[in-house]
Amino acid sequence: MKKRPVWQFFLIYGLTQVILLLPFLYLTFSHFKGLYREKNKEEMRTYLNILSLIPPERIITHTSELARITESRLTVIDREGLVIADSEVKSPKELENHLSRPEIQEAMKKGLGFSYHLSRSTHREMLYVAISTKKGYLRLAKPLTEINEAAFAFSLSLLKPAFFLLLLSFALSLLFLRKIIVVLHKLEECTNNIGRVEDAIALQEEMTKKLPPYIKEVVKFCSEKESRLREEKKELETLFHLGANGLLLLDRHLRIVTQNKAMENFLACPHELSGKYLMEVIRHADLKEAVEYALTHSTATKKEITFPPPQDHVWEVSIVPLKEETFRGGKVILSFSNITKSKAWERRSGTFVANVAHELKTPLTAIIGFTETLLMEVKEESTTNFLTKIDAHAQRLKRLIDDLLLLAELESKPERMLGHPIDIHEALREVLPSFAHAAKAKGLSFFSEVPPSLPKLAVNRDKFIQAMANLLDNAVKFTEKGSVTLKVEKEEDYLTVRINDTGIGIPAHELPFLGERFYRGEKAKEGKISGFGLGLSIVKEMMEALGGRLVIESEIGRGTISTLYFPLSKGEIGVEDCMV
Amino acid sequence: MTEKKHTSIHYEQELEELREKIIYMGALVEKVIQRGIRALVERDSHLAEEIIAQDDQIDRLDVEIEEKCIKLLALRQPTAGDLRFITTTIKINGHLERIGDMAVNVARKVLILNKEPRLKPYIDLPRMAELAQSMIRESLDAFINKNVELANKVRRDDDLVDQLNEQIFRELLTYMMEDHKNIPRAMLISQIAKNIERISDHAKGIADMVIYMITGQTVRHEEAT
């Protein structure tokens, strides 16, 4: 704000006062005018009353003298309305008949009459007062201008002290205004300085001298709060920059708002980054699509992005959209971590497992083949016993190796999980009867609820059947009494297969580890229930390869619900719920 | 664009959006090429099918970008740098769309090739494809960072790709002469090489347009320096 000079305030103040005074003056004047007229009217009536006592002949002869005494024009009129004498007209006989005049008319009726009108002989606005006597009428007239002038003169005499008072008030207000404006200017100066924290102490000192204490308190409070905020900001910034993960904050249009030091190192980009589009800095179509997906669905997602040689990097990017209400216009955070090394290691170990499994399978096939041949040949009971054991263990080993090979395949070629659309009814018919039978043999009831019309599912048929078998096998294996239920439903974008059992259940602390390779629950270990702990991890891998998911809910002693979500429209992006 | 601001914030924003879109288009095309090479080298039919399916997305973006450019030209009457930027974008857009089509062509041929045994181990073909891919990447980098030097390098690299193409053809001829049963496969591989050679030509075209955008000079029909 520009500094306003004192006189400007003063001018405004003065003008308002004068404007307020004008109507007051007008009212005073009109009031006095009325008052003067009344007073004159009264005076003239008194004169007329006195004059009516004087014999008319004497009035006629002394008209001019009497008019001078009463300071007005005197007219004597007879009963017929003829003017007999007039103080200002030399030949009254020439004057017209006055009977029609309003004041005479009034006097005729009431004895006394008033009126204001223009005199025909003198051409002036006059006040007329008439009285009725025995012989005729007496009339006194006074020009109104005289009355008005007198009222105005009186009003003017009032104006002088009023003007003096006005001046006094001007002077006083000027004095006070100056004081207030000086304080205001100081306040303005101080508030302009509030933003600069280094001035805070000097500012406070200055304020102690010049400003009222309450303002000083406010300033003190604000500057304290600000320095605290600055400190917090510094702490957060340090945290932001110290992290090993690259962080990028983008706005809704995927433009960079800010980035941390690690990100700058990742990008090795010397240019200014803020304001640039994500695409300009990291040209990767999958990344943009994943970020847009996260923004439109407001869900956190994770995405692996691979850069071809020469960079040859693999990055894992966590994408977390921030709500519009809390972050102006909606923003999104990307956290980059370089997983090139771990990816390479994973690939190597995966290949290693696959190779080993493959190498083991060849001799194992020979063992199984020869054991079976021997079993057919040998009739001796003790030898058969050993051979049966060898066969059982070899079969077990074969299953393990098959599972490992399948896992390796799912990992390296997830697209193999897809296939031509299959009819779910038909696929289930292949897997359900054997488990229904197994359940019955164990004394469990087995239900399946599959709606008659279902969309086709684009999955590899054999692998779908294996996933069903793994889950049903678990359900039957871990249930001692009660039932196993399979239920297929269509839920929005997903087709769900829910397998519900009334088995021993899984303790809450074990739930997060389900689906990890070779992880077996405590109960499974205690209960001597056979298995390698690969079944669920195979199902989990399959679902991830499909872009769906496996959800397991369980309560100990009450049973377990395993749900498979098959996406109906195969999305490009594998969405995984993030912890944030 | 970024150096000086326009008086109309809206216009500025439209230009920036266009820039982002064309870069995205570039990223998509790069991805397709990268996957095309993988499908070829790893003999992955599934990947090849995905590439063919993804061409729709590139085609849609092509139309969208072109419409945006025309709208900007009609409504804003751009001049100087802006005009060069928009016209360059139209041309680069066309090149990128053609590259996407080439990748689809390669993918189609890969599908046929995969049904038959491998004719020979690929050595020069992946090298050529990687070179073409890096040419696209560098031409787009040159466009984004307004780097004339890099654009010139892309123009020079085109000759290398041409040489590799000839070399591959000569090699394939020997296979064809050896056994006439090899001819269909050798022809397919030769066509793939030709497609990759066309891709590098388009990358060179992009580099030409980048030089035009930055300097205003037309270098389209001149030899690379």
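The values are calculated or read from the model by the stated rules, or taken from the named source; none is laboratory data. Fair warning: this is a prediction, and the values are worked out from it, not measured in the lab. Cβ coordinates were reconstructed from backbone atoms using ideal geometry, including for glycine residues, and neighbour counts include every protein chain displayed. For the accessible areas, the whole protein counts, side chains as well, though only heavy atoms, and no ligand, DNA or RNA atoms are used. Shrake-Rupley method; radii C 1.70, N 1.55, O 1.52, S 1.80 Å.
Points to keep in mind about this one:
- Contact order normalised by residue count of the stretch A:286-425, Cα under 8 Å, 6+ apart, percent: 15
- A crude spin-label estimate for the pair residue A:90 and residue A:311, with each label 7 Å from Cα along the Cβ direction, gives 12.5 nm.
- Per residue of A:277-290, other chain Cβ atoms within 10 Å of the residue Cβ number 5 on average.
- Euclidean distance between Cα centres, the stretch A:132-155 to the stretch B:183-225, Å: 116
- Selection from B:104, A:504, A:159 lying farthest towards where the dipole of the protein assembly as shown points positive, charges on Cβ: A:159
- Compared with its chain on its own, the stretch B:21-47 contains the following residues whose accessible area drops by 40 Å² or more in the full protein assembly (probe 1.4 Å; ligands, DNA and RNA excluded): B:23, B:24, B:27, B:31, B:34, B:46.
- Using a Förster distance of 45 Å, the FRET efficiency for residue B:45-residue A:391 (Cβ separation, nearest 0.05): 0.70
- Two-site FRET efficiency, residue A:221 against residue B:11, from Cβ-Cβ distance with R₀ of 56 Å, rounded to 0.05: 0.80
- Overall form of the stretch A:324-471 per C-alpha gyration tensor (a/c, 1.5; a/b vs b/c): oblate
- Additional length obtainable on full extension of the chain from residue A:355 to residue A:374, 0.36 nm per residue less Cα span: 3.9 nm
- Its Cα centre serving as origin, chain B has a Cβ charge dipole (Lys and Arg +1, Asp and Glu -1) of approximately 140 debye.
- Ordered from largest to smallest accessible area (heavy atoms of protein chains, 1.4 Å probe), the residues A:519, A:277 come out as A:519, A:277.
- In this calculation the C-beta distance from residue A:31 to residue A:176 is compared with R0 = 30 Å, giving a FRET efficiency of 0.35.
- Residues whose amide H lies under 5 Å from that of residue A:422, counting only those 5 or more places away or on a different chain, are A:457, A:458, A:459; hydrogens are built 1.01 Å from N in the peptide plane.
- Length added when fully stretched, residue A:519-residue A:399, from 0.36 nm per residue minus Cα-Cα: 41.5 nm
- Pairing chains A and B buries close to 1800 square angstrom of accessible surface in total, based on protein heavy atoms and a 1.4 angstrom probe.
- Accessible solvent surface per residue of the protein assembly as shown, calculated while the other protein chains remain in place, 1.4 angstrom probe, Å²: 56
- The stretch A:394-426 versus the stretch A:509-539: alpha-carbon centroid distance in Å: 18
- For the stretch A:404-419, 3J(HN,Hα) per residue [Karplus equation, 6.51 cos²θ - 1.76 cosθ + 1.60, θ = phi - 60°, Hz, x = Gly/Pro]: 4, 5, 5, 4, 4, 5, 4, 6, 7, 10, x, 5, 5, 6, 7, x
- Among the listed pairs A:234/A:343; A:361/A:477; A:398/B:181, a Cα-Cα separation exceeding 32 Å is found for A:234/A:343; A:398/B:181.
- Relative to the current alpha-carbon distance between residue A:296 and residue A:146, full extension at 0.36 nm per residue lengthens the span by 45.0 nm.
- Carbon + sulfur, % of accessible area of the protein assembly as shown - ligands and nucleic acids excluded, 1.4 Å: 58
- Placing unit charges on the Cβ atoms of the charged side chains and taking the dipole of chain A about its Cα centre, the candidate lying farthest along the positive direction among A:20, A:368, A:282 is A:20.
- Taken over the alpha carbons of the stretch A:1-63 as equal point scatterers, the Debye sum produces base-10 log I(q)/I(0) values at 0.26 Å⁻¹ of -1.02.
- The stretch A:281-303 and the stretch A:445-494 have Cα centres spaced 33 Å apart.
- Where labels lie 7 Å past Cα in the beta-carbon direction, separation of residue A:442 and residue A:465 in nm: 2.2
- The modelled label-to-label distance for the pair residue A:239/residue B:112, using points 7 Å beyond Cα in the direction of Cβ, is 6.1 nm.
- Within the protein assembly as shown: Cβ-based charge dipole about Cα centre, in debye rounded to nearest 20 (Lys, Arg +1; Asp, Glu -1): 3880
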